[in-house]
Amino acid sequence: MIYAIRNEAETSDKLLLRYKKLFFQSRIANKVKYERYVTKDPSARKTREKAIVRNKYRELNARTYF
């Protein structure tokens, strides 16, 4: 649970901005968004294809060009 306690001499706008910052940094918004709909797990084929692409990009990134 995210909450923000108002500090002395803090305006409502500042408090709201601080709360929103805490909320989005906690990644609760992402979790709610992705759990909103039921999704099937990717098939073994899709998982393998993604791994191949990821590995290719890692190899490209690991090369040195100097």
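Taken together, the values in this text are just the output of simple stated rules run on the coordinates, not laboratory data. Quick caveat, the model's predicted, so the values are computed rather than measured. Here the Cβ is made from the backbone with ideal geometry for all residues, glycine too, and neighbour counts use every protein chain on show.
Listed values, structure above:
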| read-out | value |
| --- | --- |
| Selected residue [more than 19 Å from the chain's Cα centre (by Cα) and basic (Lys, Arg)] from Arg48, Arg18, Arg54, Arg27 | Arg48 |
| Residues located in region 23-49, provided they are aliphatic (A, V, I, L, M) and either loosely packed, with under 10 Cβ neighbours inside 10 Å or touching a residue at least 40 places away in the same chain (Cβ under 8 Å) (or both) | Val32, Val38, Ala44 |
